[in-house]
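Inspection log for the structure reproduced underneath, given as structure tokens.
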């Protein structure tokens, strides 16, 4: 597989996308009635489910309470059937723990936590099918779920990965492209203010190229934003239509 | 964009299959790269040409089997479907695929890749239960139909296939899309292209044979190679070693070495090469392949043979082996590096006739290191006396020899042109005439339409009025790369300028000329001709900085302190110059020495004898230049640097390629001056481009040599009680200077040759791939060095020019090569340079052999001459013939076991006896009682004879006739004036050959003459160029020695 050509001379990637193109994104909000907010998103073949509870009062040990803002509690998990071979991860592996931490940092930066002192917000994300860009898909799913829960945020948090292959930055890496082992960068962005909520990079990339990869990732995030925004608006229309119906009746 | 899914079943390790789902996006905007398409496909990039009558689409099997035929540039309008390309990549591996890719990129080939699997309407999903082949064919056919309709039916599309069923099934389905077999395609559409048809036929035959064989054979000649995953895992864990296989030229049946690569192994104590003993252990690996080897247990280790032998079939017993070295066997081949091989059919009587019309014949490659190749051809009788090109296709474990196919003929054995062509093919050098498309890019310069410089071009500094520019080159040189200027500034400082021909002004990046120059990478100098890198309108006219005409140049100008010659400021940029004088080295030296004689003899200088002022100006410049050069040179020496290029200047006299005859015995001071200025320019340009582009500058490095290679040198020197200190380059130079025997200056030359041979090759590299402390140039003792001063004959210099000009103009980085591309380019240039050196060396050897061929060794005085012993083997000695610059072996023990014994008066004859080898001498004790010793550095007299060979190149054989120095009054060796200059030799041989051919076929000889004239435009070299060449030549790979 090492010889796989990730970017052809004609400018196509293995799955037929061009360098800057995203995978197809489909999203739905409010998939569960029990939770305060929930969302389901597909980015290509990566599928994620996010559920948000809160804000509610602190559960468990009281010592975690923050007096000026809310505690953001995250949990990331992967379904046993999400990868090619079934794999049980009972209490989460190191990768999940790390991902949990990243999600927490991301959303602490985005949610207006100071509005809810001494309370807690829970975000649970699960990957149902993994095909590259797991972190980014989780962030996007969680953003939609938070919006669904009605928790105020500074802005949408949109995340997208970018890689660098054959002197070209590639947006939104798929699993095959990730597995090739090139440099890979995950960016979570607040698109309106261009503020970075989280930036992570794996393997070495020459600093001369960093700017171009960052530009590609930023552009991809803004594209993601357009799609998410569309999904939120459609969801609102549906909900308000339903409300309207009820009002009529 | 439409998203579909593609389900793949991948095999994982442990034999299970894994279901993988991949996304597959279909789109409407896949570009068709056809100029005739009426829709909105983007038209940038490589398009098919417009005047085509049809497009041709090979299917998977055709591309897989006949890729070589499709590589003919005459075949136009080829559309490769992505489906077929992926099939090729999957089945034939990365190397073939890369070849296809570079062909598609090459603007000279009229072919494109159409990404049919991403096009919404061209793609067809695979149906349940459909075989992969059926689906691929269906896909390709459907894409052809789409393509035809996309171009609005203006151009018919021909799909070629080898499968009769496919032709039957699809041929009448759509009008305008034809399905025919590849064979009939070639016959109907390209009836004139006989070469392609022949190649197709020969490939087809070898495929058929292969198919038959696979059914028949069961017995295994060799062990199977291990699968790639196992090899990769083994290399990682250190169980196997990987390296390039090098076959010993003199014992090709027995010995091969693997030079280890990479530091993957855990035990780094394994420093030396690994010996592969015998054909079984070599396990089908061919010289040059990247192989994985497994070490044998220490008890089975063997030593390399120290005895001389000449590749005869009878294998000598290993009684004369030195200490054991790591020995291993090949377990797998990671990368085949097969190329085109020159081969010859065996002589008629050896030829076992099969009686059938297709014969399988073992042809014998020209290169000893390559095994015999089995080909099947019907033309064996016709091609009996020809040199032919063959390619290896495969080597099954059941077969003793590899299978190959016949490609083309080169010419009759022994014919000069055929032999030269053989040398070129063996070194993978292709030199076609420049194509019309390339020549069309060239500016014209005819008497009625003269070419002029454009004064108004911005950013060019005009030095025509202000600077006195002159060039110093050998007599009669036409391609003047470099000119110099020096003047005093009003501030009291000096201004030194080096002005180099501005080739990049004429050769735009990625133009046809540029592609061609890049492919050639260098000008090839053979003994009697040369193959230019650039068309002659550039190399000999518009780029050449001739005297008295306006020319574009790229200049490096330094401001120097007038006392200390420290560099104050430096400026680089494009200029217009007009060289005032084109001096030759001899004239310049005479002027420097105060001899004004040339003023009268040289027409160019004659006006100066009246004009005292201008004469003084020129003289002042020459003197000042010499001073500056001396100062910079001594500064390099003082700062810990050594005069290694000085060493090499002297080494080259001892160099074996008889080039020493070309070189003036006493280098003039002015030679050194010019060389120093060029080194200065190269050094400063290297610094500049490295500062501007730390990750993608092209520099040249010379790695420090490995100490163990100096062992032979040290041992030899000890024989004369010299000690050689090799700890640093300075110590080496100093001790070499001291190792001088006043009675025999040859010894010093030989020692220097050995020192040079111990060193590695200098090479180009991209700065992004190395760390800064690896940039060091050991030979010149400079921290950064590059090649900038000869863009007319080296492609590396063209790249450096582009880098320099972009960095001066602060141009964007986008159009420069990235580190990866540059790295690849450097590797290509290095390989081409090596090939150029090999070509030159082999062509000189060819001429040497031709020279001696028709001389009677017994009577002709020229066949007897003086030689010096410089290495000892167990059954003979290796000699150096200073008069012809030949190195060769002489036996002291012949095949019948007789030894060479000497009488009182020195004459030698064969007799019964024993040989005893000591470190610095070899003693012959004859049964009669008298014994003779041959010591290192002894002079002996030898007779030269030629051992003719039908399938290989002829070899020079030496025979010791006396153990006294040769005392011929006409040529007292090693006196400096034994002047059988190489050029004379070449001329003499060429003439005899010419005469022979003239008698035979006048017309052809005429053409040949023209060629000869054309290629021999400049026999001269600038000294700097020559030094560089000789330096490269001198730095031979030690493994071959």
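The values are calculated or read from the model by the stated rules, or taken from the named source; none is laboratory data. The structure presented is a predicted model; accordingly, all values stated were derived computationally and were not measured. Using ideal geometry, Cβ is built from the backbone for each residue, glycine included, and neighbour counts are taken over all protein chains shown.
The sole residue among B:37, B:41, B:32 that is assigned to a loop (DSSP other than H, G, I, E, B), in contact with a helix residue (DSSP H, G or I) (Cβ under 7 Å, 6 or more places away or on another chain), modelled with pLDDT under 80 and surrounded by 12 or more Cβ atoms within 10 Å (Cβ to Cβ) is B:37.
Out of all the residues in segment A:22-34, which are under 12 Å from residue A:149 (Cβ atoms), surrounded by fewer than 20 Cβ atoms within 10 Å (Cβ to Cβ) and touching a residue at least 24 places away in the same chain (Cβ under 8 Å)? Hit for segment A:22-34 is A:30, nothing else.
Can you say whether residue A:150 is out of contact with any helix residue (DSSP H, G or I) (no Cβ under 8 Å at 6 or more places or on another chain), surrounded by fewer than 22 Cβ atoms within 10 Å (Cβ to Cβ) and within 14 Å of chain B (Cβ to nearest Cβ), as far as the supplied structure shows? The answer is no for residue A:150.
Return yes or no: is residue B:897 at pLDDT below 75 and touching a helix residue (DSSP H, G or I) at 6+ places or on another chain (Cβ under 6 Å)? Spelling it out, it is not the case that residue B:897 is at pLDDT below 75 and touching a helix residue (DSSP H, G or I) at 6+ places or on another chain (Cβ under 6 Å). What strands (runs of 3 or more DSSP E), lying completely within segment A:156-225, carry at least 1 residues that are within 13 Å of chain B (Cβ to nearest Cβ)? Strands (runs of 3 or more DSSP E) meeting the threshold: A:158-165, A:168-171. Looking across segment B:407-431, the residues that are over 19 Å from the mean Cα position of the chain (by Cα) and closer than 13 Å to residue B:340 by Cβ come down to B:407, B:408, B:409, B:410. Counting only strands (runs of 3 or more DSSP E) wholly contained in segment A:1-87, the ones carrying 2 or more residues that are under 22 Å from the mean Cα position of the chain (by Cα) and within 14 Å of another protein chain (Cβ to nearest Cβ) occupy A:25-29, A:37-43, A:46-57. Please determine whether any residue of segment B:68-82 is at positive phi and at pLDDT 85 or above. Among the residues of segment B:68-82, at least one is at positive phi and at pLDDT 85 or above, which makes the answer yes. Exactly one condition in (1) more than 29 Å from residue B:102 (Cα to Cα); (2) crowded, with 22+ Cβ neighbours inside 10 Å is false for residue B:164; which is it? Among (1) more than 29 Å from residue B:102 (Cα to Cα); (2) crowded, with 22+ Cβ neighbours inside 10 Å, residue B:164 violates only (2).
Suppose the filter is surrounded by fewer than 16 Cβ atoms within 10 Å (Cβ to Cβ) and either within 14 Å of chain A (Cβ to nearest Cβ) or in contact with a strand residue (DSSP E or B) (Cβ under 9 Å, 6 or more places away or on another chain) (or both); does residue B:742 pass it? Criteria not met by residue B:742.
Check segment B:52-73 and report whether any residue there is facing chain A (nearest Cβ under 10 Å) and touching a residue at least 60 places away in the same chain (Cβ under 8 Å). Looking through segment B:52-73, none of the residues is facing chain A (nearest Cβ under 10 Å) and touching a residue at least 60 places away in the same chain (Cβ under 8 Å). Summed over segment B:382-398, residues that are more than 16 Å from residue B:205 (Cβ to Cβ) and part of a loop (DSSP other than H, G, I, E, B) total 6. Within segment B:538-574, the residues that satisfy the criterion of being more than 22 Å from residue B:787 (Cβ to Cβ), more than 30 Å from the chain's Cα centre (by Cα) and outside any loop (DSSP other than H, G, I, E, B) are B:547, B:550, B:559, B:560, B:568, B:569. With respect to the numbered conditions (1) in contact with a helix residue (DSSP H, G or I) (Cβ under 8 Å, 6 or more places away or on another chain); (2) at pLDDT 80 or above; (3) more than 14 Å from chain A (Cβ to nearest Cβ), which one is the sole condition not fulfilled by residue B:755? Condition (2) is where residue B:755 drops out. Would you mind telling me which numbered condition in (1) within 14 Å of chain B (Cβ to nearest Cβ); (2) free of Cβ contacts under 8 Å to residues at least 12 places away in the same chain residue A:243 fails? So the condition that residue A:243 fails would be (1).
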